[in-house]
There are 2 protein chains.
Amino acid sequence: MRPIGKQAELLKVIGHPVRIRILAELTKGVKCVSDFEEFLEISQPNISQHLTLLRNHGLIDYYMDGRLRCYYLLDPIVPDLLEVLSRDYEESLPAPACCPVTKKGKYPGKRRH
Amino acid sequence: MRPIGKQAELLKVIGHPVRIRILAELTKGVKCVSDFEEFLEISQPNISQHLTLLRNHGLIDYYMDGRLRCYYLLDPIVPDLLEVLSRDYEESLPAPACCPVTKKGKYPGKRRH
DNA sequence: TTAAAATATGCTAATATTCGAATATAAATA
DNA sequence: TATTTATATTCGAATATTAGCATATTTTAA
């Protein structure tokens, strides 16, 4: 299991609207930078920065095709995370059974819940 | 499906080592603040800040038990995300088939890959 | 050789995150 | 009522993230 620090880092890197959209596109197939320009409403340098960040963290990579940089997904966790992220959960988790024992275990006086 | 912006926000909130550890504990059961103090090496106010952040984003909630605040998981996506996050992936995704067609569709000159 | 296309880099200002320190609150007990 | 216990809030400094802008790089085409 990857260390907690790496897990947090991973979520932080993915946790940006533009990067989520980029990754979602890449789960469908290879895309070059100018393809992203067509559906992201941000500047090309900004797209490039996000791609570089994703690549620096090992989530994606690219190969050259003529003058195009064809980006593709590298880390297999990405589609799985995006899948969970896009699920619809109908309801919250059930409230826990009343007064479960915490480590402290002290339950002073009246209990109001 | 929750909007991309919300997805990003969610990942950003979870994407902190302390908050991941807090959430991982809460997937096992209810915990009060002083329980967290026992295994997190950070100050109580800092723990409280992280708990408040998680609560403000609807990931957790608490009920009072005497003077203890018993925190519990509220958002059902959390255990699923943590499960994916803790998976071991053996290898990277396969490199894409050579020269897939991008939207640009221009494949000038030599191809080196 | 010059120009164009595709993409990256460097810098900067604005904004957000993080943690520590001090302090506050609220309920229960002495 | 004063104290203790459990937990939260406020503030500030350090640091990180983000986007825009201008510019650079690389490769191909004219």
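The values are calculated or read from the model by the stated rules, or taken from the named source; none is laboratory data. Predicted model only: the values in this text are computed from it and were never measured. Note that we place each Cβ from the backbone using ideal geometry, even for glycine, and neighbour counts take in every protein chain shown. All accessible areas refer to the heavy atoms of the entire protein, side chains included, with ligands and DNA or RNA removed. Shrake-Rupley method; radii C 1.70, N 1.55, O 1.52, S 1.80 Å.
Figures for the structure shown
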item: In order through the range A:22-30: 3J(HN,Hα) via Karplus (6.51 cos²θ - 1.76 cosθ + 1.60), integer Hz, x for Gly, Pro; result: 4, 5, 4, 5, 6, 5, 8, x, 5
item: Chains A and B together, accessible area buried on both sides, 1.4 angstrom probe, square angstrom; result: 5200 Å²
item: Pairwise centroid distance, computed over Cα atoms, of the range A:1-20 with the range B:1-78, Å; result: 17 Å
item: Estimated FRET transfer efficiency when R0 is 45 angstrom, pair residue A:97-residue A:24 (beta carbons, to 0.05); result: 0.70
item: Phi-based couplings in Hz for the range B:8-14 (Karplus 6.51, -1.76, 1.60; Gly and Pro marked x); result: 4, 4, 4, 4, 5, 5, 6
item: GluC sites (Glu not before Pro) within the range B:1-65: DSSP coil, no more than 13 neighbouring Cβ in 10 Å; result: B:41
item: Å² per residue, accessible surface of chain A at 1.4 Å; result: 54 Å²
item: Value of [θ]222 nm, deg cm²/dmol, for chain B, DSSP H segments ≥ 4, -39500 (n - 2.57) each, nearest 500; result: -13500 deg cm²/dmol
item: Percentage relative contact order, the range B:4-82, counting C-alpha pairs under 8 Å, at least six apart; result: 32 percent
item: In sequence order, calculated HN-Hα J values of the range B:51-65 (Karplus, 6.51, -1.76, 1.60; Hz; x Gly/Pro); result: 4, 4, 4, 4, 5, 4, 9, x, 7, 9, 8, 9, 10, 8, 9
item: Residues with amide H under 5 Å from that of residue B:69, placed H, sequence gap 5 or more; result: B:33
item: Theoretical FRET efficiency, 1/(1+(r/R0)^6), r = Cβ-Cβ of residue A:64 and residue A:12, R0 35 Å, to 0.05; result: 0.75
item: Of all accessible heavy-atom area on chain B, the percent that carbon and sulfur account for (1.4 Å); result: 50 percent
item: Label-point gap, in nm, between residue A:37 and residue B:55 - each point 7 angstrom along Cα→Cβ; result: 4.9 nm
